[in-house]
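See below for the structure under consideration.
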Amino acid sequence: MTMYRFLTAALVMLAGAAQLPAQAASDLDDDDRPGRGVARISLINGDVSVKRGDSDDMTAAAINAPLVAADHLYAGAGSRAELQFDSASFVRLAANGELGLAELEQNRYTIQLARGLMTLRVLRERRADIEVSTPSIAIRPLREGIYRIEVRDDGNTEVTVRSGETEILSPQGSEKLRRGRTLLVRGATSSPQFKEVNDIPEDDWDRWNERRDKGLLRSRSHQYVSSDIYGVEDLDAHGRWVNVPRYGYVWTPYVAAGWAPYRQGRWAWIDWYGWSWVSYDPWGWAPYHYGRWFNEPGFGWCWWPGARTSRHWWRPALVGFFGWGGNSGFRVDVGFGFGNVGWIPLAPYERFHPWYGRRFYGGYRNNTYIDNSVRIVNSVNITNVYRNARVRNGVSGLDAGDFVGGRGNRVRSVGDTELRSAASIEGRVPIVPDRQSLRLADREVAPRGNNGRGETRFFGRAANANTEATRASFDDQRRGMEQVARRTFGDSDGGGVRTSGDSGRRSAEGGDAAVTAPGRRGGEDRRSGGEPTAGTFTGRRGGEEGTSNESGRRNAGGEPAAVSPDGGRRGGDDNGWRRVGESGRRSSGSERTVAPSDSGRRGGDDNGGWRGV
């Protein structure tokens, strides 16, 4: 019996040891936790730009650029764009459209459509809770489907369900809208009116969406990766999946001789995540934010996505950082103690040292940069630590100023002599960003047109308060990083990390003021239970914002629109309009009355067919 127990215990230990590599590469290191949700710019056609939520800076959009909560996306005239939130959820924005990411957590997204036409495509079953907020209602898809939503220049909203089913929410209640139906919405945010009609005819926008869906559904790469990993649809056309005995199926790209991972792109500063890789490779999302790279004889560079059965989290990059040269002290001009910074793609099972998140940017909750851990390891042989350092072109580097400035066109290989004098960086990367670090592309931002004005007030769960209210501004982030770099490299101005309250803003009680996103009013809280509320679209148009206690939408002269005492009906002539949650107008026999002859009409004030949800 004793021998049996010994053998059983030994087998268990061996089985556990065999699983250790898969666990180590499954993105579940003890010092790494799931981060904020991240949306991917997966398609750009024409003039598309981004307004950064932590700074209000405008930058040209780029394929594979990450967006986080409080960021805003704009599509210019004749342009369109697509955002991908996970392996199933896509939002496409048509020309002259504006949307904001009000809430973006793991599997929880709130999109605020300020102006224009968008389609929300839920391509397959998903775990995510999605909401689209408009000036008057919120839309929550209940299953896979195609949901077309438009906010017109006059502020009215139109929702069409091409397939699937969605829940419509307003201050008065909620109802469902099913396939083949269109909902028209008008009136004040506090008391909108609705009318349901037959779905509007398909047009070129719908047909383009259908073609896009077919291409996504044809992708075969999903069968090789965990469902946590998204953005793999682009791998099919730019590489192939091969079976390597040590790792199973891995993906190898079609690239020119001398190519290497993390070489074509730039480093950009992203709120909460810090330094993040923005790839210029057309497929450059999943292979740079998940998994590992290695070089296999006969195949070249290969991307291993990790075990399909393990949990995977998005990372700003999967590299090991190091620095060399110019380390005579803190350089104020670039905010980095070394003259050069380099990076190496991590190979399978190599440890990842996070430099982002709550551990490093604790100030997002308590206004204090609570952890300043930077480990500079001087006595280290980089080629012994990282396997890919022994591969030709496996090590990339930049002058520290070029790194901060996003000048990825100057990336070069790092030679053995430089590597021998390099110091490894573990934990927070002590490189201070500047305004150039916020750019996602080198293109200049085209001026936005004046055709229509994007709304600033929305109805929905994230309208008043959400995660963006707890974010630090870019200026506060930069000041915190300056303190970290000074302490790391011994500048005379060091000594203690500044709290975000040190920027000079103080509360009425004399303490540090809460840091809020641009335009956001501090102190606003979500209603208990996460119930939807009417609120503002923050950080827009020089701080201009509407308030939830305004009587309704403003008219062309800037004055609040008149609202009749009956709660939103215009002049007493409802023409079939009602509010969400109401059972509809009833006859003396308490039956709903709807004129069937006009049930498909799209007019605003016709005398039939109009009703709410």
Original post:
Which condition breaks for Ser190 when tested against (1) under 30 Å from Ala94 (Cα atoms); (2) modelled with pLDDT of 95 or more; (3) among the hydroxyl-bearing types (Ser, Thr, Tyr); (4) open to solvent by 40 Å² or more (accessible area, probe 1.4 Å)?
Top reply: (2)
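Return yes or no: is Ala441 under 21 Å from the mean Cα position of the chain (by Cα), hydrophobic (A, V, I, L, M, F, W, C), modelled with pLDDT under 70 and at negative phi? Step through it out loud before you land on a result.
Numbers: under 21 Å from the mean Cα position of the chain (by Cα): yes; hydrophobic (A, V, I, L, M, F, W, C): yes; modelled with pLDDT under 70: no; at negative phi: yes.
It is false that Ala441 is under 21 Å from the mean Cα position of the chain (by Cα), hydrophobic (A, V, I, L, M, F, W, C), modelled with pLDDT under 70 and at negative phi.
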Original post:
Taking Arg211, is it loosely packed, with under 15 Cβ neighbours inside 10 Å, modelled with pLDDT of 95 or more and farther than 18 Å from Ser42 by Cα?
Top reply: no
Subject >> Within segment 70-107, tally of residues that are hydroxyl-bearing (Ser, Thr, Tyr) and outside any loop (DSSP other than H, G, I, E, B) >> reply: 2
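Which ones in segment 108-161 are aliphatic (A, V, I, L, M) and outside any strand (DSSP E or B)? Break it down into steps so the answer makes sense when it comes.
To start, the set of residues in segment 108-161 that are aliphatic (A, V, I, L, M) comprises 111, 113-114, 117-118, 120, 122-123, 128, 130, 132, 137-139, 142, 146, 149, 151, 159, 161.
Selection gives Leu123, Ala128, Ile137, Leu142.
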**OP:** Tell me, please, whether a residue that is crowded, with 19+ Cβ neighbours inside 10 Å, touching an Asp or Glu at 6+ places or on another chain (Cβ under 7 Å) and modelled with pLDDT of 85 or more can be found in segment 412-423.
**Re:** no
Original post:
If you take the residues in segment 43-69 that are part of a strand (DSSP E or B) and open to solvent by 10 Å² or more (accessible area, probe 1.4 Å), which one is farthest from Thr110 (Cα to Cα)?
Top reply: Asn45
**OP:** Determine the pairs where a residue that is farther than 21 Å from Ser413 by Cβ and among the small types (Gly, Ala, Ser), located within segment 247-259, has a partner that is open to solvent by less than 60 Å² (accessible area, probe 1.4 Å) and outside any loop (DSSP other than H, G, I, E, B) with Cβ atoms under 9 Å apart, the partner being 6 or more residues away or on another chain.
**Re:** Gly248/Tyr224; Gly248/Trp304
Original post:
Which residue, of Pro245, Pro261, is at pLDDT below 95 and either out of contact with any His (no Cβ under 6 Å at 6 or more places or on another chain) or open to solvent by 50 Å² or more (accessible area, probe 1.4 Å) (or both)?
Top reply: Pro245
Original post:
Which one is modelled with the highest pLDDT, of the residues in segment 134-164 that are open to solvent by 10 Å² or more (accessible area, probe 1.4 Å) and among the polar types (S, T, N, Q)?
Top reply: Ser163
Subject >> Unique match (being in contact with a strand residue (DSSP E or B) (Cβ under 9 Å, 6 or more places away or on another chain) and surrounded by fewer than 18 Cβ atoms within 10 Å (Cβ to Cβ)) among Glu167, Glu125, Glu131 >> reply: Glu167
Subject >> Any chance Asp203 is in contact with a strand residue (DSSP E or B) (Cβ under 7 Å, 6 or more places away or on another chain) and either open to solvent by 10 Å² or more (accessible area, probe 1.4 Å) or modelled with pLDDT of 95 or more (or both) >> reply: no
**OP:** Look at segment 306-325 and say how many of its residues are touching a His at 6+ places or on another chain (Cβ under 8 Å), within 19 Å of Leu235 (Cβ to Cβ) and not aliphatic (A, V, I, L, M).
**Re:** 3
Original post:
Which of the residues spanning segment 217-229 are open to solvent by 10 Å² or more (accessible area, probe 1.4 Å) and either under 20 Å from Ala128 (Cα atoms) or without any contact (Cβ under 8 Å) to a residue 60 or more places away in the chain (or both)?
Top reply: Leu217, Arg218, Ser219, Arg220, His222, Gln223, Ser227, Asp228
Original post:
Which of the residues that make up segment 386-436 are touching a Leu at 6+ places or on another chain (Cβ under 8 Å), assigned to a helix (DSSP H, G or I) and of a type in the set (D, E, K, R)?
Top reply: Arg410
Original post:
Pairs under 6 Å by beta carbon, first residue over 25 Å from Trp313 (Cβ atoms) in segment 37-56, partner at pLDDT below 95 and of a type in the set (Val, Ile, Thr), six or more apart or different chains?
Top reply: Ser49/Val445
Original post:
Looking at segment 444-482, which of its residues are open to solvent by less than 20 Å² (accessible area, probe 1.4 Å), within 19 Å of the chain's Cα centre (by Cα), modelled with pLDDT of 80 or more and on the phi < 0 side of the Ramachandran plot?
Top reply: Ala472, Phe474, Gln477
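The values are calculated or read from the model by the stated rules, or taken from the named source; none is laboratory data. Quick caveat: nothing in here was measured; it's all calculated off a predicted structure. So basically every Cβ, Gly included, is an ideal-geometry build from the backbone, and we count neighbours across all protein chains shown. When the accessible area is computed, the model is the full protein with side chains, heavy atoms only, and any ligands, DNA or RNA have been set aside. Shrake-Rupley method; radii C 1.70, N 1.55, O 1.52, S 1.80 Å.
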